[in-house]
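Okay, so here's the structure we're looking at.
The values are calculated or read from the model by the stated rules, or taken from the named source; none is laboratory data. All figures in this text were calculated on a predicted structure; none of them were measured in a lab. Neighbour counts are summed over all protein chains in view; Cβ atoms, including those assigned to glycine, are modelled from backbone coordinates with ideal geometry.
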């Protein structure tokens with residue numbers, strides 16, 4: 001009991017398991033080593049999202065400090081806005097990969113909610129391919145964007161004048177893992193589609 005309580009206190013950002021994440025919790029239906037690879041990446045996505053949760057707390061503290069200094073003492077900070085903008089980029093891109101299978105992305109399900117499983121899988125395959133192609137393009141463009149900042153020594157034009165390559169690297173990391181999650185969604189739905197087809201063919205015999 002003592003060990004369990006310590007673990008719980010050490011992990012206040014334990015993320016809920018729902019949506020496609022349930023498949024990653026020891027019940028992945030994808031055969032072979034690729035299924036294990038999917039589980040490893042999905043667990044790493046959860047760690048990134050938990051880290052982003054801690055950054056949200058840091059943002060809350062620094063913004064509160066800036067507000068207090070500005071309106072109570074009349075001495076606004078020169079760094080809070082810039083730092084929080086960088087942290088917001090980290091939060092968005094580090095949590096995006098986990099949010100996809102967790103159902104956290106915006107989706108319109110008016111027509112798909114009552115769609116039969118086979119048709120739903122076909123639609124998911126089409127949208128996953130489109131999203132995957134976009135994320136691959138975004139990954140390569142953001143890699144070039146970050147590399148240019150590193151190679152050219154690009155710095156912020158604001159007060160802190162920090163190097164911008166670390167912040168641009170957040171885009172590279174986030175887009176890579178989000179692309180992986182779209183690939184996993186594609187693989188899962190192909191497995192659903194082929195499994196449904198096999199079931200129908202066996203039932204017709």
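In the set (1) under 22 Å from residue 159 (Cβ atoms); (2) assigned to a helix (DSSP H, G or I); (3) without any contact (Cβ under 8 Å) to a residue 24 or more places away in the chain, the condition left unmet by residue 76 is number (2). Screening residue 103 against (1) exposed (fewer than 14 other Cβ atoms within 10 Å of the Cβ); (2) modelled with pLDDT under 90; (3) on the phi < 0 side of the Ramachandran plot; (4) touching a helix residue (DSSP H, G or I) at 6+ places or on another chain (Cβ under 9 Å) leaves a single unmet condition, (3).
The listed residues are 93, 51, 34, and the only one of them that is modelled with pLDDT of 95 or more, assigned to a helix (DSSP H, G or I) and under 22 Å from residue 127 (Cα atoms) turns out to be 93.
In the list 129, 173, which residue meets the criterion of being over 20 Å from residue 94 (Cβ atoms), in contact with a helix residue (DSSP H, G or I) (Cβ under 7 Å, 6 or more places away or on another chain), in a helix (DSSP H, G or I) and modelled with pLDDT of 90 or more? Step by step, each of 129, 173 is checked, and only 129 is over 20 Å from residue 94 (Cβ atoms), in contact with a helix residue (DSSP H, G or I) (Cβ under 7 Å, 6 or more places away or on another chain), in a helix (DSSP H, G or I) and modelled with pLDDT of 90 or more. The sole residue among 137, 142 that is exposed (fewer than 13 other Cβ atoms within 10 Å of the Cβ), within 22 Å of the chain's Cα centre (by Cα) and at pLDDT 95 or above is 137. Checked against (1) within 26 Å of residue 192 (Cβ to Cβ); (2) assigned to a helix (DSSP H, G or I), residue 115 passes all but condition (2). In the set (1) in contact with a helix residue (DSSP H, G or I) (Cβ under 9 Å, 6 or more places away or on another chain); (2) loosely packed, with under 12 Cβ neighbours inside 10 Å; (3) under 21 Å from residue 170 (Cα atoms), residue 57 fails one condition alone, (1). Of the residues that sit in segment 184-197 and are within 21 Å of residue 103 (Cβ to Cβ) and in contact with a helix residue (DSSP H, G or I) (Cβ under 6 Å, 6 or more places away or on another chain), which one is surrounded by the most Cβ atoms within 10 Å (Cβ to Cβ)? The qualifying residue surrounded by the most Cβ atoms within 10 Å (Cβ to Cβ) is 184.
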